[in-house]
Amino acid sequence: MVSGDNSEQERQSDQRRRRLLDLIDLNPEKGHISWAGRRAVLMRGDTFAGQRAELLEVLGIDKTRSLYSRLGYADGTRDAALAQQGSPGSAYRDAFLVGPDMHAMSGMAAVQTIAIEIDRETGSFYGEFLAHDSIEAEVHKRILGLSPEPVCWMQSGYASGFSSAFMGSPMLFREVECAAMGHEACRLIGRPLQQWQQQDPGARYYHPHDFVNRFDLAQSDAADGASVEQQLVGISAGFSLTMKRLEKVAPTSATVLLLGETGVGKEVFAKTVHRLSRRQSGPFVGVNCAALPTELVESELFGVERGGFTGAVATRAGRFERAEGGTLFLDEVGSLSFSAQGKLLRALQEREIERVGGSQSIAVDVRVVAATNVDLQQAVEDGRFRRDLYYRLSVFPLRIPPLRERQDDIPLLMEFFRQKYAQRHQLAVDGFTQQAVVGLMQYEFPGNIRELENMVERGVILTVQGQLISLQDMLGEAELRQPLSMLLMGLDGTGLADQLLLEQMQPHMPLGETELPTLAELEQALVRMAMEQAGGNQAAAARMIGLSRRQLAYRVAQQGSR
């Protein structure tokens, strides 16, 4: 149990709140409010009450609770990144308390800390807080009167998301008392998800779809029949929107076009479409069109008759026929030749194919899910892709957001991959260090989910048994070359990142410098480096180094006047 002198704790709390107030930037001329570089709006209590009342009326309690829980969770994960980035030298407990302070300063409730037990070495966690004068409890009572169960859904979600991102593993906060039930205050208790005696009913609101966020990897298959390789993990707004659209189209027979950058997991999404469709008992056949030699594409897709070309010594069915009654996944469909595109169009329109060298049409009953990481519309304009095929494939386009737009999902994904590879390689690795969590939350992941998965697997393999995965254990050559995104604050805690950062900042330092730079010189170099990386965009540069735009503009102006 962490305890101490109340006056000292109050002094530290006052300091934290002053620092947080300094991050608020009001710009009425532009109609902008920003807090820690994130745009914000002021919502009046009556407006919040009206929003909640309408959502309850339209969606019902379960869906409204799910929505508010996930919104709170996403907000908490973003604030956790700020708490750890903004307090690199602070005590672990003090850095954690930035979350309750930000929650209180946003007007949700006055938060009183009852107990915090954090062991950064083992990843164990226990938290207990009282939320006084909760606006969620207040407006719920105003709308529906006293409630038989807790109603501070956004608050519980915020605490769960903040602690999950802060600790680097799934945490769940339960509201065990609530002012809307007649209690004096709202009491929230948090523990690691797996430590609850039984699956808490509140946990289901963080995976509103039955096919996401399944962490029971002790079993070879998930409850819905998906293998570990087919799991979808996420809770962010962009991910949830994609899941809702996927859930709607999966039971139909519509052709689906998955759009997204390399590494976002398009094949996993395609397998989920198949698994949730009426064709789930049929085969799932995948083909990477870009990996096939041009001269073999047609025979691979449509099959070949004996003697159809030199070397065809036997009749062979193609991928369309092998996928009969199921789903055919065409990855990198934009790489198909014009000839193959024409035959694919006919197969989609007529639901029949002809083998290479054959003269008879073969009826096929196949659902096509295609995927591409290129802009097919632009390919059409450039004459590289058939317009009619594009319209046929894009009956239901489904965009998969890159990981940099799913920052809220990173803690869940980290824990999922840790469990997966600890089990696969039979290694005892308990979690992640604080620096590792902060570093990955700051990193932009050009390789998306695939890159994160590789980094975690590397960390599992390199980490000493029984210890936590560190940032340096996960870094590969590509990540070590990244400029500000994850090395800014010396996040690995060993001096490696400090050294790398100084090396990158050297061109921005005064020439001939042989000793360590002063703090003022470091700040000036950091501002110049951020402005260069952001291409002169002050708002983007400010976000990189944890300042408000106004704070950065002041420093840029100071440098310009010298």
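The H on the amide N of Glu352, modeled in the peptide plane, is under 5 Å from the matching H of Val364, each at least 5 residues off or on a different chain. Arranged from fewest to most other beta-carbon atoms within 10 Å of their beta carbon, Tyr391, Tyr68, Tyr92, Tyr421 become Tyr391, Tyr92, Tyr421, Tyr68. Count Lys and Arg as plus one, Asp and Glu as minus one, and take only other residues whose Cβ is under 11 Å from that of Tyr158; the net charge is then -1. When the Cα positions of Thr294, Ala317, Ser253 are compared along the charge dipole of region 246-352, Ser253 comes out farthest toward the positive end, with charges on each C-beta of Lys, Arg, Asp and Glu. Under a 5 Å amide H cut-off, with hydrogens placed 1.01 Å from N, Ser236 pairs with Asp409 among residues at least 5 apart or on other chains. Fully extending the segment from Arg351 to Gln15, taken as 0.36 nm per residue of separation minus the present Cα-Cα distance, adds 114.1 nm. Determine the sum of side-chain charges near Gln349: Lys and Arg each +1, Asp and Glu each -1, restricted to other residues whose C-beta is under 15 angstrom from that of Gln349. Once all neighbours under 15 Å are counted, the net charge is +2.
Placing +1 on the Cβ of every Lys and Arg and -1 on the Cβ of every Asp and Glu, with nothing else charged, gives region 6-206 a dipole about its Cα centre of roughly 460 debye.
If you average the sequence gap of Cα pairs under 8 Å that are 6 or more apart and divide by the length of region 6-206, what percent do you get for the contact order?
21
Derived scalar couplings between HN and Hα for region 10-25 equal 5, 4, 5, 5, 4, 5, 4, 5, 5, 4, 5, 5, 5, 8, 8, 10 Hz in order, rounded to whole Hz, by the Karplus curve 6.51 cos²θ - 1.76 cosθ + 1.60 (θ = phi - 60°), x for Gly and Pro. Across region 140-147, rounded Karplus estimates of 3J(HN,Hα) from the backbone phi angles (6.51 cos²θ - 1.76 cosθ + 1.60, θ = phi - 60°) give 5, 5, 5, 7, 10, x, 4, 9 Hz, Gly and Pro being marked x. Hey, with R₀ at 45 Å, roughly what FRET efficiency would Val58 and Arg306 work out to, going by the Cβ-Cβ distance, to 0.05? Once rounded, the FRET efficiency stands at 0.15. Taking θ as phi - 60° and the Karplus parameters 6.51, -1.76 and 1.60, the scalar couplings of region 172-178 work out to 10, 9, 9, 8, 9, 9, 8 Hz in sequence order, x denoting glycine and proline.
Within the set of other residues whose C-beta is less than 15 Å from the C-beta of Gln551, count the net charge using Lys and Arg as +1 and Asp and Glu as -1.
It works out to a net charge of +4.
Any read-out appearing in this document is the output of simple, stated calculations on the displayed coordinates, not a laboratory observation. Everything numeric in this text was worked out from a predicted model, so none of it was measured. With ideal geometry, Cβ positions are generated from the backbone for all residues, glycine too; neighbour counts draw on all protein chains shown.
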